[in-house]
Each structure stands twice: as structure tokens, then as C-alpha cells.
Amino acid sequence: MSVKILMNRQQPDFQERSMKNAFPKTFALVVVLTAAFVSAVAQPPSADIEALKAKRNAIEAELQSIAVVDRKVMIPMRDGTRVQADIYRPKDIRSHYPTIFSRTPYNFNWWDVRLGAPRDMTTVLDAVKRGYAFVIMNERGHFFSEGNYDILGPPLTDGEDAIKYLTTRPWSDGKLGTIGCSSTAEWQMGVAAQNVPGFTTMIAQGFGAGVGRVGPYYEQGNWYRGGAVQMLFIAWLYGEQNQIRPMFPANTSQEDLIRASKSFDLAQQSPRVDWSQALRHLPVKDIIKAVDGPRGIFADKMPVATGGAMIERAPNDPAWYKGGLFHDNMKINIPGFWFMSWYDVSVGPNLALYNHVRKTARPEIADQQYAVIAPTLHCSYTRATENTVVGERSVGDARLNYSELTYGWFDYFLKGKREGNDITKWPKVRYFTMGSNKWQSADQWPPAGAEPLTFYLASSGKANSLKGDGSLTTAPPSSDAPDSFTYDPMNPVASFGGNVCCTGNAVQGGAFDQTKMEERNDILVYTTEPLKEGIELSGPIDVSLFVSSSAKDTDFTVKLIDVDENGKAWNLDETIQRMRYRNGYDKPLAWMESGKVYGFTFQPMNTSNYFAAGHRLRIEISSSNFPRFDRNMNTGGDNYSETKGIIATNAVHHSKQYPSKITISVVRKK
């Protein structure tokens, strides 16, 4: 069979696949999307291969015995582009079934071409046994799907067209629910806001890349934080923006596509990249080019709805509003089950979206929004164990029965099953509190009764490093003794742990002891006295600073830390502010003048952590957290095209006149 080359984008290699989706085995329903990834790369010892093949073949045979299996279905979108889906449904044609729908940019080819056997179809088999049709679809521009890829470019119309197609099939009962994590979740909110007939409910997990502008956040799908670029997408797009890929001719029959898919899954095998070094390349716009990556939407203008050239955009660029991102001028009016995690990239915007939906939906729908917040990394909910370790910190038993929650939700909203499955008795928010290491429940976020507690930054002007005299006090100092440090873009503070994903080997997410990092003089350290009694911090954390700089523009970073009784400093959350955007992302750029002091407030951080008696609360202030965020070159230029920066002398001021402070949300148990 002939193969033709089209301008499209394709699947990343294993290193990059393991980044943004982080193997999104969030629930059993999502394992199906990634089983092929694991089998394609991490094959078992040869002695076990035949046993694995036999097991896979047995599962496939059982599926074929109870399900109508319809693979490589090419579904037309309104512009004529066809996207590929695999459809599974119970064989009893006398009944109609609700649909569980997952739409993804990742490889789900039914045949494991490297193993020479079917991939693990356990999840599909389970869904069919439970009386659901189960549909998996590739986004346009991926694998067997036609068209050009634009991250969150056309999914509003594609999502709408796909749902209308599936809910009007003769076997459908007209109800459909979506599920997925990360890229398999981020499209759901924007489509849900379109009020598509049949779109009944959604389960969105690790969905921050679909959150555009909401509340104080202008992250535009995790692209920014405080106006600085989150570099995770550079590494991810290296394997995702490929616009030149093999495709089968448009007139290829379904039978031939199924047969060919046992030999060709159309998954690219990109060369591995050492992102710990690659992300240091300047200019930033050429990072993918420097590792011989494909042209595409990151740095190049492309013939797609949003125009490409993403790195050139500002946080409020009109292009962000032409794609499939959800913004706070939209409303969602279907029941939603929202899954978040404390060490994911964007728990703050995700919580803001959850609260936005509860505030703006119709009253009966607002009451049908539920959330789970786990203490894990991106899309790693089901990896929790009896002793869950996130980074290097143990947070105890963080397990939940996610399969029970998932099918309980779908049974309630798609099948109307109420007996023994009354979700109205569920807590609106289940959240895990680290430190006390337990699941808790609340009717809202932050929990009712959360009270603000403010600490003020203080020092005698020598807060530099852990050896400095920075402190957090209950009242601001009477006079100003600013803490100054130099920020050199060529010697940035290295990212160490954190709330991050998808940067390959450049940053490992999670909690790590920060004391080694705190030896640097360009990190200001402010710490409370040991707490006399324990406090639970659950909710937003607001940090306001008064700062000055010798540069026209620079960044300030903050990291929230729990210092235990042994002196280990566990990072909880982190953020950044690019000073040119301090007045707002929809406002004129605000430059700094040397010698002047400027006040600003970071976008809120969020966590739930119990600081036991004897622990101390700490924050670190600096001007870089790289490569978690891109470097500000301190010139006032665009940063993305610059190769040379200047060294800035930055300072944090603290006094009654300049009350730099941190306000946390404290939940006091009655």
C-alpha cells in the first residue's frame, strides 16, 4: 500500500510522551490510552514475552466475544477533515448505550506493533461489561487522523462534531460522558461551554493546559505563569508539533487500515534529547531548532486557526482566544468531576476554574460539581501507595478507589443509577493534607472557616541564603533594611523539585529538601520561629512584595516551604512574576526605574499542608527558577529572541512603609 506525506503533526517518542501526559493512568478508563506506550518501549524479559502475548490475545478474544468492535472509523468533521476513532459497544443490538468518550493526541493503536500482539484491552473490556460504549479518538493531525495540528486550535468544532456524531448513532442512547487526563482532558471544558446536545457529563483530570484566562490567572493553557513562559511546552512540542508525517491515502478502506495498523502504528521515534542542556539554548525561540526538531507552532507561523508562533505571543494576545482554551467569559452547564494534584503544574488556575463553574453555572448544575485534590504529580493519582513518596517526601497513604469513583459518577449521570450510588452525599471537595497525611472533605474551596494569617518579611538587610537573618514576623519592621542580590541570567537559580511536569530530564517534580539550594546568595530566605502549635494551611497563599531593581524589567520568584523539626525544607508551591506585567496582563507594559520601589502581588499559590508544632514556615525569594520558567534577560526586550542579558541588582523592601508579606489560609479545627 502506498504511503503519502502530509503536512501534519505526530506522536512524540517515549521520553516526551512520558512528560506532559505523564502516562495518564489516572483511572482504569485512562490506562487504555497509554498501555501501548509502555509496551512499545519497556518490553518484559524475553522469557515472559510469550506469556504476555497469550494474555493479550485472551483479552482480545473475550472482547471480540461480547463487543461490537469497530476500529479505524474515519469520522468527518465539518471542514471535511476525517479523524480516526475506535468504537466498542455491547453486542446486544436490541439496547441503546451511553458512551464514554476519550479524545487524545496520543497513540492508542489497538495492535502493539513491537510486541506483535494486541495491546492491553482490559479497560475497554471492563467498560463494555458495565454496559457502556467506549470510544477513543485521535485529535486531528495525529496518527491516522487527517489535518494539521494546532494545540487547542480547532477542538471546539472538532469536539462538537465528534459528540454529535457519536450521540446520533443507532446504538447510542443519546448520552455521552468524557474522561481523560492532561491532553486528554484539556479540550473538554471549552467544548462543554458550547452546550453540545448529548454532552451529559465530564471527568477532567490534570486539565490545566485547557485553562486560558480565569480569575487572576492568565496562564493560557500553562504557557505562562506570572507572564513568564513555562518551559515545559518547549520540550513537549518537540515531539508533538511534527507537521510532516506519513499517512495512508484518503480512499484506503477501513478493512485495509485495520490490517495495516498491525504493521504501522504511525508513531514517530524522535531522537532523545538531553533537555537539561537543551533548554539552556539561546535564543529561546530556536531551542527546538537547535536539537533538529521539526518546524511547527512553537516558533513558526503556521496555517492553523491560532497562527502558530506561540513563543512570540504575550499573555493577552488575541491568538489565545481563537482556539479551544476555556476562558472565564464562558459557562459550563453540565455536571463535572474535577481531579487535581498539589504537585501538578497549575493547581491554582484549576481550582479557580472549579470555583468559577460553581459560581456561574445554573444552580442545579453548580451543585453537581465535585473535586478531588491528591498530593501527587501530574496525572499520577493511581500511583499513590500505602507509602506515597512525592519527590523525596513521604505523605503516607494517599490512595483512593478511583475506579469506584469514576464508574459511580458515570452510572449516576449516564445511566441514572441512584440506588446505593447517591453522589449527592459525596463531599464537594476531597483534599489530601500533607503533613498530617490524610484525606479530608469540605463543601467548598478553600474550606469553610479558613482564616487569613499574615507574616511580614523582616531582616537587617542580610537575608541572603540560609545563613542570613531573614525572618517572618507578625508585624512589619519599623524601618526599611532592604535585602539585595544580583540576578545574572547566565547563572540562574536551578529548578529543584516543584509543581511541574513534562520537562524531560530537566526538572524532577515533587518535594525535595531545599537547604542545599539555600546556600546561594541570590536566594533570600525568610523563616518563622518554630511553631508552638500545629496549623493546617489549606487554601490560597498570597505573597505581596515591595521591590526595586537596577533593570528596566526583571522577574521575582517565590517558593513556599515547610521546614520540619530536622531542618529539612520541603517545597510546597512556587510562582513567579515578570515585572512588566505587574499591573495586569491586559494593561500597558510597566517598566521599572532604578531607585524606585514598586509593590505587586503574585498570583495566588495553593496547597494543603499541616505544619506540626516545631515546624517552621519559610519562603524563598529570588529572580529565577530555571528551567521551570524561562529567564528574564533584564533588558526590557522580548526575551525569546535575545542571546545576551544584563546582570540586575534586585532588592526586596520590608517596613511599615513597604509591608512585604505572606498571607496564608489557616483552617482551625473546632
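The values are calculated or read from the model by the stated rules, or taken from the named source; none is laboratory data. Fair warning: this is a prediction, and the values are worked out from it, not measured in the lab. Virtual Cβ from ideal backbone geometry, glycine too; neighbours counted across all protein chains shown. For the accessible areas, the whole protein counts, side chains as well, though only heavy atoms, and no ligand, DNA or RNA atoms are used. Shrake-Rupley method; radii C 1.70, N 1.55, O 1.52, S 1.80 Å.
Write out, first by first residue and then by second, each pair whose Cβ atoms fall under 8 Å of each other, whose residues are 6+ apart or on separate chains, and whose first residue, in the stretch 466-483, is under 16 Å from Leu617 (Cα atoms) and acidic (Asp, Glu) while the second is open to solvent by 40 Å² or more (accessible area, probe 1.4 Å) and in a loop (DSSP other than H, G, I, E, B).
Short answer, once both residue conditions are applied: Asp469/Ser460; Asp469/Lys462.
For the stretch 223-247, how many residues are in contact with a Phe, Trp or Tyr (Cβ under 7 Å, 6 or more places away or on another chain) and either among the hydrophobic types (A, V, I, L, M, F, W, C) or open to solvent by 10 Å² or more (accessible area, probe 1.4 Å) (or both)?
Number satisfying all stated conditions: 9.
Return the pair list, or none, for Cβ contacts closer than 6 Å from residues in the stretch 285-308 that are over 22 Å from Gln220 (Cβ atoms) to residues that are basic (Lys, Arg) and open to solvent by 40 Å² or more (accessible area, probe 1.4 Å), at least 6 apart or on different chains.
Note: no pairs meet the criteria.
Of all residues being assigned to a helix (DSSP H, G or I) and of a type outside the set (A, V, I, L, M, F, W, C) in the stretch 571-587, which is surrounded by the fewest Cβ atoms within 10 Å (Cβ to Cβ)? Just the residue, please.
Filtering the stretch 571-587 for residues that are assigned to a helix (DSSP H, G or I) and of a type outside the set (A, V, I, L, M, F, W, C), the one surrounded by the fewest Cβ atoms within 10 Å (Cβ to Cβ) comes out as Arg580.
Does Asn437 count as under 29 Å from Glu529 (Cβ atoms), buried (at least 18 other Cβ atoms within 10 Å of the Cβ) and either over 25 Å from the mean Cα position of the chain (by Cα) or not aromatic (Phe, Trp, Tyr) (or both)?
No; evaluated as a whole, the condition is false for this residue.
Could you run through the stretch 588-611 and say how many residues are farther than 23 Å from Tyr658 by Cα, of a type in the set (Ser, Thr, Tyr) and either more than 26 Å from the chain's Cα centre (by Cα) or open to solvent by 40 Å² or more (accessible area, probe 1.4 Å) (or both)?
1
Would a scan of the stretch 259-274 turn up a residue that is crowded, with 24+ Cβ neighbours inside 10 Å and either of a type outside the set (S, T, N, Q) or over 30 Å from Leu414 (Cβ atoms) (or both)?
yes
Considering only residues that are of a type outside the set (D, E, K, R) and in contact with a Leu (Cβ under 6 Å, 6 or more places away or on another chain), look in the stretch 558-598 and name the one that is nearest to Ser622 (Cα to Cα).
Taking the candidates together, the pick is Leu560.
Name the residue, out of Lys438, Lys428, Lys417, that is of a type outside the set (A, V, I, L, M) and under 30 Å from Thr527 (Cβ atoms).
Of Lys438, Lys428, Lys417, the one residue that is of a type outside the set (A, V, I, L, M) and under 30 Å from Thr527 (Cβ atoms) is Lys438.
Residues of the stretch 318-342 being surrounded by 17 or more Cβ atoms within 10 Å (Cβ to Cβ) and either free of Cβ contacts under 8 Å to residues at least 12 places away in the same chain or small (Gly, Ala, Ser) (or both), which ones?
Ala319, Gly323, Gly324, Gly336, Ser341 - these are the residues of the stretch 318-342 that are surrounded by 17 or more Cβ atoms within 10 Å (Cβ to Cβ) and either free of Cβ contacts under 8 Å to residues at least 12 places away in the same chain or small (Gly, Ala, Ser) (or both).
Identify all residues within the stretch 231-265 that are assigned to a strand (DSSP E or B) and closer than 30 Å to Glu312 by Cα; write none if there are none.
Matches in the stretch 231-265: Ile244, Arg245, Pro246.
Out of (1) within 30 Å of Lys55 (Cα to Cα); (2) of a type outside the set (Gly, Ala, Ser); (3) over 24 Å from the mean Cα position of the chain (by Cα), what's the single condition that is false for Thr167?
(1)
Tell me the residue from Thr503, Thr486 that is more than 23 Å from Gly208 (Cβ to Cβ) and β-branched (Val, Ile, Thr), please.
None of the others qualify; the one that does is Thr486.
Can you tell me which residue is modelled with the lowest pLDDT among those in the stretch 504-514 that are open to solvent by less than 50 Å² (accessible area, probe 1.4 Å) and touching a Ser or Thr at 6+ places or on another chain (Cβ under 8 Å)?
Within the stretch 504-514, the match that is modelled with the lowest pLDDT is Gly504.
Quick check on the stretch 386-442: of everything there that is in a loop (DSSP other than H, G, I, E, B) and among the basic types (Lys, Arg), which residue is farthest from Asn333 (Cα to Cα)?
So the residue we want is Arg399.
Which condition from (1) under 24 Å from Gln188 (Cα atoms); (2) open to solvent by 60 Å² or more (accessible area, probe 1.4 Å); (3) among the polar types (S, T, N, Q) is the one that Gln277 breaks?
With (1) under 24 Å from Gln188 (Cα atoms); (2) open to solvent by 60 Å² or more (accessible area, probe 1.4 Å); (3) among the polar types (S, T, N, Q) applied to Gln277, the lone miss is (1).
Is there a residue in the stretch 559-570 that is polar (S, T, N, Q) and open to solvent by less than 20 Å² (accessible area, probe 1.4 Å)?
Taking every residue of the stretch 559-570 in turn, none turns out to be polar (S, T, N, Q) and open to solvent by less than 20 Å² (accessible area, probe 1.4 Å).
If a residue must be touching a helix residue (DSSP H, G or I) at 6+ places or on another chain (Cβ under 8 Å), on the phi > 0 side of the Ramachandran plot, part of a loop (DSSP other than H, G, I, E, B) and open to solvent by 10 Å² or more (accessible area, probe 1.4 Å), how many such residues does the stretch 167-216 contain?
The total comes to 2.
Let me spell it out: the conditions are (1) closer than 30 Å to Ile535 by Cα; (2) crowded, with 17+ Cβ neighbours inside 10 Å, and Gly614 meets all of them except one. Which number is the exception?
Just one mismatch for Gly614, condition (2).
What residue, among those in the stretch 520-543 that are in a loop (DSSP other than H, G, I, E, B) and acidic (Asp, Glu), is most open to solvent (accessible area, probe 1.4 Å)?
Filtering first and then ranking leaves Glu529.
What pairs can you find where one residue is in the stretch 405-418 and within 13 Å of Ile179 (Cα to Cα) and of a type in the set (Val, Ile, Thr), the other is crowded, with 19+ Cβ neighbours inside 10 Å and modelled with pLDDT under 95, and their Cβ atoms are less than 7 Å apart, with a gap of 6+ or different chains?
Listed by first residue and then by second, the contacts come to Thr406/Phe27; Thr406/Leu29.
Of everything in the stretch 81-128 that's closer than 22 Å to Asp158 by Cβ, touching a Gly at 6+ places or on another chain (Cβ under 9 Å) and of a type outside the set (A, V, I, L, M, F, W, C), which residue is most open to solvent (accessible area, probe 1.4 Å)?
Arg82
Considering only the stretch 278-299, how many residues are under 23 Å from the mean Cα position of the chain (by Cα) and either of a type in the set (Asp, Glu) or over 16 Å from Phe233 (Cβ atoms) (or both)?
Summing the residues that are under 23 Å from the mean Cα position of the chain (by Cα) and either of a type in the set (Asp, Glu) or over 16 Å from Phe233 (Cβ atoms) (or both) in the stretch 278-299 gives 1.
Going through the stretch 440-487 one residue at a time, which ones are within 20 Å of His653 (Cα to Cα), of a type outside the set (S, T, N, Q) and open to solvent by 40 Å² or more (accessible area, probe 1.4 Å)?
Tyr456, Lys462, Leu466, Lys467, Asp469, Ala475, Asp480, Pro482
Could you look through the stretch 507-519, keep only residues that are free of Cβ contacts under 8 Å to residues at least 60 places away in the same chain and in a loop (DSSP other than H, G, I, E, B), and pick out the one that is farthest from Asp488 (Cα to Cα)?
So the residue we want is Thr515.
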